[in-house]
């Protein structure tokens, strides 16, 4: 498999129109298009039809054409989209024409995994610094980086020009970490802790909560299995008050941080729980 071209490697970004004001839904789909385009490029393709790209990205072709038209890319009738040029257009819009330094706070199980994830580098991001509040973790080396104490965040953020922070701590510590990131000049946060962060205007937060995703899937499984029955779903342990049938169910059917903490505090079922970044 060939290596992904670095953002802006061909110097053709000058062909991209002025940065458009895109709907959030469109912005959220652009990385899916970009991933599909890289896969096609790695396979040796030079052009792709809107139907082919839509299928590879898992979206509707009409929606894809509308999204790409907002970038000023309409493709060529009978040929499709120039893959290399479209990659550059999307990378330009997403701000990936240069690598962005990222600070990761919380080096428990999840933090370790994120720090070693090679996919960040291939997508234009560099994990520049690792932080934790646990003095037993400070000084540990992970993927070539030494874990720093969270108190060093302001100095390191300034030195590395860090604008993006990743929070991989338990929920109880996440707000304090967010406050420290913002105070250090970080203006974008990716939050893996199962909680809602309060940040000032001008600071963008994206949340990743695996428990919520599982609950959504559970809803679909419930709907498929129930088939109109209200007496319970075969294969599920009955919950107090009935599944979705009483107030007790709402309190019990809660797979949130207490029992499924994706921050690394209890993500590893094979070992003891860890207090990460607290």
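A compact table of results
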item: Segment 131-174 and segment 48-67: distance between their alpha carbon centers, rounded to Å; result: 39 Å
item: FRET efficiency, residue 151 to residue 66 (Cβ-Cβ, R0 51 Å, nearest 0.05); result: 0.60
item: Relative packing of peptides 142-153, 195-206, 107-118 - highest average C-beta neighbours within 10 Å first; result: 107-118, 142-153, 195-206
item: Stretchable slack from residue 207 to residue 76, in nm (0.36 nm times residue separation minus alpha-carbon distance); result: 43.4 nm
item: Peptides 127-138, 90-101 ordered by average Cβ neighbours within 10 Å, highest first; result: 127-138, 90-101
item: Burial order of peptide ranges 176-183, 61-68 (average beta-carbon count within 10 Å, highest first); result: 176-183, 61-68
item: Chain lengthening between residue 187 and residue 39 when straightened (0.36 nm per residue, less Cα-Cα); result: 50.2 nm
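Any read-out appearing in this document is the output of simple, stated calculations on the displayed coordinates, not a laboratory observation. These figures come from a predicted structure and were not determined experimentally. Every residue, glycine among them, receives a Cβ derived from its backbone with ideal geometry; neighbour counts consider all protein chains shown.
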